[in-house]
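The values are calculated or read from the model by the stated rules, or taken from the named source; none is laboratory data. Everything quoted here is computed from the prediction, not taken from an experiment. With ideal geometry, Cβ positions are generated from the backbone for all residues, glycine too; neighbour counts draw on all protein chains shown.
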Amino acid sequence: MNAVVVDTNVILTAKGMSEQARDECVTACQERLNEIIEGSEKVVIDDNWIILGEYIDYLEDDDSTTDTRNGGHFLEWFIRNYENSEACVQVPINPSADGTSFEELSNEFSPFDSDDHKFIAVAVVYEDVYQQKATILQSVDSQWYEARQVFIENNLIVEFICEENIRYLHERRKERRQPKK
């Protein structure tokens, strides 16, 4: 069975909580999470429940969690199933000595938002332990899109659910960083 690491932004996008996500992106994230619920893939998290804790924070912060059309439905399903080995795999990740990253990550990922390191570390460890890749699901974080080559060089798979939307955000971000003439 295939495995995925679900970045929290996919859930937030599905819940309509991402201002930068277009309507098509929200729908695509909802559909992608529903595929997981239907049993097409296992979700991979860390065994210290760092990712689960982040998911729970968003479950508790919103009253629309029971709406079956949004990411709240996925969160409820996942909270019920994170200990079910048919639905979830938990792998050990080791925080770095300074607490800003994880030992499993190469220095190439240090410029990344440290909050995202856990998702990457889980994918790395899953492959080491199970000799299979876990696809990291991403919706609208343009930093991930910008780092596509780093993921390829590190043999990691990232699925950009909203590729058109994230490419647009990436281009806008690039334009804002260019010096004005």
Sort out for me the helices (runs of 4 or more DSSP H) sitting completely within segment 1-62 that have 2 or more residues that are farther than 21 Å from ILE157 by Cβ. 23-37, 50-60
From LEU105, LEU137, LEU75, LEU169, grab the single residue that is in contact (Cβ under 8 Å) with a residue 12 or more places away in the chain, in contact with a strand residue (DSSP E or B) (Cβ under 8 Å, 6 or more places away or on another chain) and either closer than 17 Å to ILE36 by Cβ or among the aliphatic types (A, V, I, L, M) (or both). LEU137
What number goes with the only condition from (1) modelled with pLDDT under 85; (2) surrounded by 13 or more Cβ atoms within 10 Å (Cβ to Cβ) that ARG177 does not pass? (2)
Does any residue in segment 16-31 that is within 16 Å of VAL6 (Cα to Cα) come within less than 6 Å, Cβ to Cβ, of a residue that is in a loop (DSSP other than H, G, I, E, B) six or more places away or on a different chain, and which pairs are these? SER18/VAL140; CYS25/CYS162; VAL26/GLY16; ALA28/ILE161; ALA28/CYS162; CYS29/SER139; CYS29/ILE161
Please tell me if ILE157 is of a type in the set (A, V, I, L, M, F, W, C), under 22 Å from GLY16 (Cβ atoms) and in contact (Cβ under 8 Å) with a residue 12 or more places away in the chain. no
Being within 15 Å of the chain's Cα centre (by Cα) and among the β-branched types (Val, Ile, Thr) is the filter; apply it to segment 138-158 and report the residue that is surrounded by the most Cβ atoms within 10 Å (Cβ to Cβ). VAL140
Could you figure out which of (1) surrounded by 15 or more Cβ atoms within 10 Å (Cβ to Cβ); (2) at pLDDT 85 or above isn't true of ARG80? (1)
Being in contact with a Lys or Arg (Cβ under 7 Å, 6 or more places away or on another chain), under 26 Å from LYS42 (Cα atoms) and buried (at least 17 other Cβ atoms within 10 Å of the Cβ) narrows it down to one of ILE161, ILE166, so name that one. ILE161
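When the residues of segment 35-47 are filtered to those that are out of contact with any Ser or Thr (no Cβ under 9 Å at 6 or more places or on another chain) and over 15 Å from THR8 (Cβ atoms), which remaining residue is surrounded by the most Cβ atoms within 10 Å (Cβ to Cβ)?
ILE37
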Screening VAL10, VAL26 for residues that are more than 14 Å from the chain's Cα centre (by Cα) and surrounded by 16 or more Cβ atoms within 10 Å (Cβ to Cβ) leaves only VAL26
Can you pull out the residues in segment 97-137 that are modelled with pLDDT of 95 or more, surrounded by fewer than 19 Cβ atoms within 10 Å (Cβ to Cβ), in a helix (DSSP H, G or I) and not acidic (Asp, Glu)? VAL129, TYR130
